[in-house]
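Notes to accompany the following structure.
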Amino acid sequence: MTSVAGTPSSTSDRTQAARFVPGQPDMWAFVLFEALVFTAYFTVYVFNRARSPDLFLESQTHLDLRVGVFNTLVLLASSWFVARCVQAAREGSFRAATTNAFLTMLFGFVFLVSKVREWAAEIEQGFTFTSDEFFSFYYFLTAIHFLHLLIGFGVLAIAVHQLRSPARRSQETIETCATYWHTIDFLWVMIFALLYVMR
Amino acid sequence: MTSTAGGVPDEPSSPLRKIAWHWRHDEKRELWIGWWTLVVFYNLYGLLFFVIARTQPPPQPTLAPSEIAQWFDDRRHGLIYGYAIVFIVGGATAIMNATLAYTMRRMSVSRAFAYSYLVIYALATLPGMLIMGVVCTVGAMRPDRDPELMSWLYDFAFLSFEGTMGVFLIGSLVWMVAVLLDRNRVFPRWFAYLNLCNALTEVVVAPAWIFKDGAFAWDGTIAWWINMGVFVTYTTAFLTLLRRMILREDFGTGPLPELARDEAQEPSGSLEAAR
């Protein structure tokens, strides 16, 4: 790890970022692996959907597309704030970077609350994990994504912890945390497209 | 054969003498024994569960009681002899867990990580193979029992095996945190993240308790096949990294030295070379 405590925008970090990828390359291995695992989940979903298109279409109508769009916009906004956090840290504006990290958390929290409310509304209408195949996939995909989001709060806490003390600051670690958060966003966009939009 | 200044004779060239030489003089002897135990165990585990006992890939959860009685009858000898070997080699898990815990003791992290890992994986041996082995052996050795009872044994065997991945989840997370905190560079960081991937796929087997068919049942595409793909990747990764770690081991307390490229490809001065 290229830890450059106190000098987050140092030459070595910039060189590393220019030569490889933002943050630790190890985190990109995680992104690749998670993308493969989720691709496998999505393939299973699409395969099952192709076998019972009428059931999936009918069940899909019980989802509120507006809530899905709202969740997507909220998560995209959180990704935008984490990108601003990285940019501010690169420029040495650590107060702004910390503010943006907190805003990322806030929007992540809004997504979290919105998702729980959506689940509660679906359950109230009688659509549970075992109602039918579509809702099994709906709860499974959104719940596994939710779990990634919960881990994301821990990851952002690490970024904030790094930013708050000059002795700890590592641009690479902050970018690694941001990469994880973008992965959550990327996965959600795929889930949104498959569950809410695809007809 | 000549002797070096330290009184240790030079390594002989014949394979058997080489093994004997390493047995006597290799300072990494115990680590290589641990590594080979892991390799042999995992291969044997696959052979016993997939080929001899034929309990993996798992059968359908929806079989009728009469079909379940037939299922036990069809593989009676495989279950009895296969799981007899599983019980015999089950003790190897002590050596395996100790070797894996050693990696955490070599890290710059608290000993609590290695101890937690040892405890959780000692517990994992029960749902990971022993309960299923005992239950399947009972079913195979009492073929005259009521099919309803056989049906209960069948559910118990597969739900205890497929649906109890929580202990592996915690073990993976303990290893992940240890790797991330370690300053001795025992394992690369991507392995920590791979532990997280493995832990997350352990969660998705939980619906196997609810569903009897489809992607989330104990034989389902998501609960079993994808999970197994991740587990095989994870196991291959840690066996490869563990071998590399043993090659790098200098028995010090600081960062592990990196290997020269040719040393990583053709290890010498260890039991590994006797392969």
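Any read-out appearing in this document is the output of simple, stated calculations on the displayed coordinates, not a laboratory observation. Here the structure is a predicted model, which means the values were calculated and not measured. Cβ: placed from backbone, ideal geometry, glycine included. Neighbour counts: every protein chain shown.
This model, with +1 at the C-beta of Lys and Arg and -1 at the C-beta of Asp and Glu, gives region A:22-197 a dipole about its Cα centre of some 740 debye. Applying 1/(1 + (r/R0)^6) with r as the Cβ-Cβ distance of B:T233 and B:D155 and R0 = 35 angstrom yields a FRET efficiency of 0.75. Relative to the dominant Cα principal axis of chain B, helix B:131-141 is inclined by about 50°.
Principal axis extents of the Cα atoms in region B:105-195, from largest to smallest and rounded to whole angstrom, are 59, 20, 14. Modelled spin-label separation between A:Q125 and B:A260, with each label point placed 7 Å from Cα along the Cα-to-Cβ direction: 6.8 nm. Per residue, the Cα convex hull of region A:16-72 amounts to 108 Å³. Size estimate for the protein assembly as shown follows the Kirkwood approach: the inverse of mean 1/r over distinct Cα pairs works out to 25.2 Å. Against the empirical 2.2 N^0.38 Å (N residues), region B:162-237 has a Cα radius of gyration ratio of 1.20. Can you give me the C-alpha center-to-center distance between region B:64-111 and region B:120-147, rounded to a whole angstrom? Between the Cα centre of region B:64-111 and that of region B:120-147, the gap is 10 Å. Pairs of alpha carbons in region A:22-119 separated by more than 17 Å make up 69% of all such pairs. Annotation: for a label point projected 7 angstrom from Cα along Cα→Cβ of A:A157, residues of region A:103-129 with backbone N closer than 19 Å are A:103-113. Using a 10 angstrom cutoff on alpha carbons, build the Gaussian network for chain A and name the most mobile of A:A178, A:A121, A:A157. Fluctuation is largest for A:A121. For chain B, adding -39500 (n - 2.57) for each run of n ≥ 4 DSSP H residues and dividing by the number of residues yields -19500 deg cm²/dmol at 222 nm. Computed from label points 7 Å out along Cα-Cβ, the spacing between A:R199 and B:W23 is 7.4 nm. Placing dummy labels 7 Å off each Cα toward the beta-carbon, the span from A:L150 to A:V110 is 2.3 nm. Between the residues B:A114, B:G254, B:I226, the greatest Cα displacement towards the positive end of the dipole of chain B, with unit charges on the Cβ of Lys, Arg, Asp and Glu, is found for B:G254. Helix B:29-46 axis versus longest C-alpha principal axis of chain B: approximately 20°, rounded to the nearest ten.
A simple rule links phi to the HN-Hα coupling: the Karplus curve 6.51 cos²θ - 1.76 cosθ + 1.60 with θ = phi - 60°, which for region A:185-199 gives 5, 4, 5, 5, 4, 5, 5, 4, 4, 6, 7, 9, 9, 4, 10 Hz, with x for Gly and Pro.
Both numbers refer to the Cα atoms of region B:1-127; Rg and Dmax are 21.2, 73 Å. Shown here for region B:176-264: chymotrypsin sites (Phe, Trp or Tyr not before Pro) in loop regions (DSSP other than H, G, I, E, B) with at most 11 other Cβ atoms within 10 Å, namely B:F251. About its Cα centre, the protein assembly as shown has a charge dipole of approximately 1380 debye under the convention of +1 per Lys or Arg Cβ and -1 per Asp or Glu Cβ, with nothing else charged. Applying 1/(1 + (r/R0)^6) with R0 = 30 Å to the Cβ-Cβ distance of A:M190 and A:R95 gives a FRET efficiency near 0.30. With a Cα-only, solvent-free Debye model of region A:22-197, what are the log10 I(q)/I(0) values at q = 0.08, 0.13, 0.15, 0.16 Å⁻¹? Debye curve over Cα of region A:22-197, log10 I(q)/I(0) at q = 0.08, 0.13, 0.15, 0.16 Å⁻¹: -0.28, -0.67, -0.84, -0.92.
Straightening the chain between B:V51 and B:D250 buys 67.6 nm, computed as 0.36 nm per residue apart minus the Cα-Cα spacing. In whole angstrom, region B:26-265 maps to an equivalent ellipsoid with semi-axes of 37, 19, 14, each derived as √(5λ) from the alpha carbon gyration tensor and ordered largest first. Taking other Cβ atoms within 10 Å as a rough exposure proxy, A:D54, B:D73, B:D219 sort from fewest to most as A:D54, B:D73, B:D219.
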